[in-house]
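Only one structure is covered here, and it is reproduced in the block below.
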Amino acid sequence: MTKIAVLVSGGGTNLQALIDAQKENKLGGGEITLVISSAAGVYALERAEKAGIKAITIARKDYTDLSDFDSAIESSLSENKIDLVVLAGFLSVLGAKVLKTFKDKIINVHPSLIPAFCGKGFYGLKVHKEVIKSGVKVTGATVHFVNEIVDGGKIILQKALDVLPDDTPETLQQRVMKEGEWVLLPKAVAMFCKGEIV
Ligand code: GAR
């Protein structure tokens, strides 16, 4: 069984998509055994607790040095014998320790078609604001492996979606989540757990 940790920072709708997929036996035999939040009191923690999943907070703001924050996360993942780390709306950057210990075992969901609208500073609603501002007619969602380059690891799955003339950043974000992220992320996790991607 692949032990999965999901790292979150906010509302946790992508975490919920994973929990729902697990309930329907659609995670390829993987099991979410740990949720780590980089911020206290976020709704993602409640979602985990409701699903009976161990949930802890390792708050980024409690650490001045990234390397100490990184060590705390690495220790927790290692102590819990995690096989796959899923970043689901995790808005802090991971450090060298986690990236080394979990090399090729970390995946992230991003709300655009990488390599467009990604990298440092592109997260959450900001991505959709920039998409609308630029006038592009197509956007989407991407699931990719995580390496030391922000949003720069190998792409696993992508889904393209139209930007509609009357879209606001909020309506676009909703559509990208519902039709893109919440579909792609559980699918990519299942593929990893079944050994279909390495
Ligand atoms: C999601 O849209 C996710 O793709 C994005 O933050 C949102 C979190 O929502 N992540 C990034 O922008 C990372 N660069 P959620 O907490 O409801 O899953």
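The values are calculated or read from the model by the stated rules, or taken from the named source; none is laboratory data. Quick caveat: nothing in here was measured; it's all calculated off a predicted structure. Note that each Cβ is placed from the backbone with ideal geometry, even for glycine, and that neighbours are counted across all protein chains shown. For the accessible areas, the whole protein counts, side chains as well, though only heavy atoms, and no ligand, DNA or RNA atoms are used. Shrake-Rupley method; radii C 1.70, N 1.55, O 1.52, S 1.80 Å.
A few comments on the model shown:
- Checklist (1) touching an Asp or Glu at 6+ places or on another chain (Cβ under 9 Å); (2) within 9 Å of the ligand (Cβ to nearest atom) applied to V127, failing item: (1)
- In the stretch 1-55, residue farthest from the ligand (Cβ to nearest atom) [restricted to those that are of a type outside the set (A, V, I, L, M), assigned to a helix (DSSP H, G or I) and within 13 Å of the chain's Cα centre (by Cα)]: Q16
- Boolean, A72 is open to solvent by 20 Å² or more (accessible area, probe 1.4 Å) and either under 22 Å from N147 (Cα atoms) or of a type outside the set (D, E) (or both): yes
- Check on L7, buried (at least 17 other Cβ atoms within 10 Å of the Cβ), out of contact with any helix residue (DSSP H, G or I) (no Cβ under 6 Å at 6 or more places or on another chain) and within 23 Å of G180 (Cβ to Cβ): yes
- Breaking point among (1) over 20 Å from K187 (Cβ atoms); (2) open to solvent by less than 70 Å² (accessible area, probe 1.4 Å); (3) out of contact with any Phe, Trp or Tyr (no Cβ under 6 Å at 6 or more places or on another chain), for Y43: (2)
- Within the stretch 178-198, if we keep just the residues that are more than 14 Å from I106 (Cα to Cα) and touching a strand residue (DSSP E or B) at 6+ places or on another chain (Cβ under 8 Å), the residue that is surrounded by the fewest Cβ atoms within 10 Å (Cβ to Cβ) turns out to be E179.
- Here the stretch 84-105 is the region considered, the condition is being closer than 15 Å to V35 by Cβ and modelled with pLDDT of 95 or more, and the residue that is farthest from the chain's Cα centre (by Cα) is L84.
- Given (1) hydroxyl-bearing (S, T, Y); (2) surrounded by 19 or more Cβ atoms within 10 Å (Cβ to Cβ); (3) closer than 29 Å to S78 by Cβ, index of the condition T101 fails: (2)
- Tabulated pairs, the stretch 71-89, first part of a helix (DSSP H, G or I), second open to solvent by 10 Å² or more (accessible area, probe 1.4 Å), C-beta under 6 angstrom, 6+ apart or interchain: S71/K97; A72/I58; I73/I58; E74/K97; E74/T101
- Residue in the stretch 176-197 that is of a type in the set (V, I, T) and assigned to a strand (DSSP E or B) present: no
- A search for C-beta distances below 8 Å between a residue of the stretch 51-64 that is open to solvent by 100 Å² or more (accessible area, probe 1.4 Å) and any residue that is part of a strand (DSSP E or B), counting only pairs 6+ apart in sequence or on different chains, returns K54/T33; K54/L34; K54/V35.
- For I149, the conditions (1) of a type in the set (A, V, I, L, M, F, W, C); (2) over 18 Å from the mean Cα position of the chain (by Cα); (3) exposed (fewer than 14 other Cβ atoms within 10 Å of the Cβ) all hold with the exception of (2).
- The residues of the stretch 131-141 that are open to solvent by 60 Å² or more (accessible area, probe 1.4 Å) and in a loop (DSSP other than H, G, I, E, B) amount to a single one, K137.
- Qualifying positions in the stretch 105-130 - part of a loop (DSSP other than H, G, I, E, B) and open to solvent by 70 Å² or more (accessible area, probe 1.4 Å): K105, P115, K120, Y123
- Count - residues of the stretch 160-176 that are open to solvent by 60 Å² or more (accessible area, probe 1.4 Å), more than 14 Å from the ligand (Cβ to nearest atom) and of a type in the set (D, E, K, R): 2
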